[in-house]
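> Structure provided below as structure tokens; questions to follow.
The values are calculated or read from the model by the stated rules, or taken from the named source; none is laboratory data. The structure presented is a predicted model; accordingly, all values stated were derived computationally and were not measured. Heads up, the Cβs are rebuilt from the backbone with ideal geometry, glycines too, and the neighbour counts pull from every protein chain shown.
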Amino acid sequence: MKKFYAALLTACTSLGTLSAQAPEEEKGYIKEMCGCYEVEFKYAETFSDATDYQLHDPYSSKGLEWIFVDEEDSTHLVLQHLLIVAGGERVIKHWRQDWFYENLVMLQYQKNLEWKKTEITAKEAKGTWTQKVYQVDDSPRYEGYATWIDVDGKLYWESQVAAPLPRREFTKRDDYNVMLRNNKHKITKTGHVHELDNAKVIRTAEGDSILVWEKGMNSYFKVEDSRCEAAQIWWEANKTYWRDVRMVWDNILSEQDYINLEYMVDDQKLWQRLFDLGDEMMAKKKYRSEKAQKEVRAIIESYLSANPSPWVSAETEAEKAY
């Protein structure tokens, strides 16, 4: 089963790429983001062209995060993030970032949990890395591509993408429905920095307008790996299930050119259903991968919709009903 899984993963991730081998040096840049980190998240709205707009209060939070390479092949790396909370007593599966070298296929965010598959040319993809970012339940979030820049002592990767509202505002605001993110990942002597210049966009059938601009700074300060031991133990106990979730999502995304997710089904969010199923499956005496994948797929498919998203914030409307 393990050999089959590895072969299938390699086959799936090799599709839609231009090169058979990524530069090892650039793979090393991405791996520099791995380790145990004290993380500080800071966001502040900066200015708006709307004369009647009131800037929201700045946002900040801190945490301890374990980042590691969970899968790797010649053109692809999977970096999984695990968040450690409650003084190290609790571990939460956090977001995930996949990196593809000279990737040709993109899943572009549209609005309100709706994505469409597009392609870029071989010329556009030449020498680039695509970062594909996923939610805590491994559903899609956003994708962007660019080259790694190493010049004058500065090492970074930067691209601009449309994305859903961030979790800190996902259910709290309905005055915009798309985040236009300028993502810049910089490798530093103390770890790395995720710098953002965001535009909060009102997207309608007539086009886009910017409500307000925002500056973000996610700073990762490397600490001893031993401080993230709880996360390492948790992943060892739960990785089989979450790798199955990832495989199911990979299959669904390879089959579909259009993804539209319902925010809630039967009063539950997708991440709640998948997290609960994971706890249930891993508590059994014998874990059955085939059964888990079947149940995971059934849950995910119950959230998929073929109908176009409305031109309002579907997530906020759902929250208002409760």
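> Which residue is farthest from residue 164 (Cα to Cα), if the candidates are limited to region 224-252 and must be touching a strand residue (DSSP E or B) at 6+ places or on another chain (Cβ under 7 Å) and surrounded by 15 or more Cβ atoms within 10 Å (Cβ to Cβ)?
227
> Do any strands (runs of 3 or more DSSP E) lying entirely in region 115-191 carry at least 2 residues that are touching a residue at least 12 places away in the same chain (Cβ under 8 Å) and hydroxyl-bearing (Ser, Thr, Tyr), and which ones are they? Give the steps one after another, and end with the answer.
Numbers: elements: 129-134, 140-146, 148-151, 154-163, 178-188.
By residue number, 129-134, 140-146, 154-163.
Residues checked against (1) buried (at least 18 other Cβ atoms within 10 Å of the Cβ); (2) of a type in the set (D, E, K, R):
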site: 84; (1), (2): yes, no
site: 88; (1), (2): no, no
site: 98; (1), (2): yes, yes
site: 102; (1), (2): yes, yes
site: 107; (1), (2): yes, no
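> Something else about it: Between a first residue in region 93-108 that is over 11 Å from residue 77 (Cβ atoms) and without any contact (Cβ under 8 Å) to a residue 24 or more places away in the chain and a second residue that is in a loop (DSSP other than H, G, I, E, B) and not aliphatic (A, V, I, L, M), which pairs have beta carbons less than 6 Å apart while being 6 or more apart in sequence or on different chains?
none
> Could I ask something else about it? With respect to residue 116, determine if the residue is more than 28 Å from residue 177 (Cβ to Cβ), surrounded by fewer than 16 Cβ atoms within 10 Å (Cβ to Cβ) and either in contact with a Gly (Cβ under 7 Å, 6 or more places away or on another chain) or not acidic (Asp, Glu) (or both).
Answer is no for this residue.
> Shifting gears a bit: Considering every residue within region 98-111, establish whether at least one is outside any strand (DSSP E or B) and touching a helix residue (DSSP H, G or I) at 6+ places or on another chain (Cβ under 6 Å).
There is at least one residue in region 98-111 that is outside any strand (DSSP E or B) and touching a helix residue (DSSP H, G or I) at 6+ places or on another chain (Cβ under 6 Å).
> Of everything in region 215-270, what is outside any helix (DSSP H, G or I), of a type in the set (Val, Ile, Thr) and more than 30 Å from residue 104 (Cβ to Cβ)? Give them in sequence order.
Across region 215-270, the qualifying residues are 223, 265.
> When residues of region 86-142 are filtered for being under 14 Å from residue 16 (Cα atoms) and among the hydrophobic types (A, V, I, L, M, F, W, C), how many remain?
The qualifying residues number 10.
> Within the set of pairs 6 or more residues apart or between chains, which connect a residue that is closer than 16 Å to residue 66 by Cβ inside region 16-45 to a residue that is assigned to a helix (DSSP H, G or I) and basic (Lys, Arg) with Cβ atoms less than 6 Å apart?
36/227
> If you don't mind, another one. From the set of residues in region 157-201 that are closer than 28 Å to residue 32 by Cα and of a type in the set (S, T, N, Q), which is nearest to the chain's Cα centre (by Cα)?
For region 157-201, the residue satisfying everything is 183.
> Could we say that residue 142 is closer than 23 Å to residue 71 by Cα, more than 17 Å from the chain's Cα centre (by Cα) and crowded, with 20+ Cβ neighbours inside 10 Å here?
Values: closer than 23 Å to residue 71 by Cα: yes; more than 17 Å from the chain's Cα centre (by Cα): no; crowded, with 20+ Cβ neighbours inside 10 Å: yes.
When the stated conditions are applied, residue 142 does not pass them.
> Looking at this structure, is residue 93 farther than 23 Å from residue 156 by Cα, modelled with pLDDT of 95 or more and basic (Lys, Arg)? Quick ask: steps written out before the conclusion?
Working: farther than 23 Å from residue 156 by Cα: yes; modelled with pLDDT of 95 or more: yes; basic (Lys, Arg): yes.
So residue 93 fits the description; yes.
> Filter region 31-64 down to the residues that are surrounded by 15 or more Cβ atoms within 10 Å (Cβ to Cβ) and over 30 Å from residue 79 (Cα atoms) and list them by number.
Hits for region 31-64 are 48, 56.
> Please determine, by comparing only the residues of region 293-308 that are among the hydrophobic types (A, V, I, L, M, F, W, C), outside any strand (DSSP E or B) and within 11 Å of residue 265 (Cα to Cα), which one is nearest to the chain's Cα centre (by Cα). Spell out how you get there, then give the answer.
At the first step, the residues of region 293-308 found to be among the hydrophobic types (A, V, I, L, M, F, W, C) are 296, 298-300, 304, 306.
From what's left, outside any strand (DSSP E or B): 296, 298-300, 306.
Subset that is within 11 Å of residue 265 (Cα to Cα): 299-300.
Working: 299: 20, 300: 17 Å.
Going through the qualifying residues, I end up with 300.
To keep it simple, each residue is scored yes or no on (1) among the hydrophobic types (A, V, I, L, M, F, W, C); (2) over 26 Å from residue 306 (Cα atoms); (3) at pLDDT below 95.
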{"position": "70", "(1), (2), (3)": "no, yes, no"}
{"position": "76", "(1), (2), (3)": "no, yes, no"}
{"position": "83", "(1), (2), (3)": "yes, yes, no"}
{"position": "127", "(1), (2), (3)": "no, yes, no"}
{"position": "158", "(1), (2), (3)": "no, yes, no"}
{"position": "163", "(1), (2), (3)": "yes, no, no"}
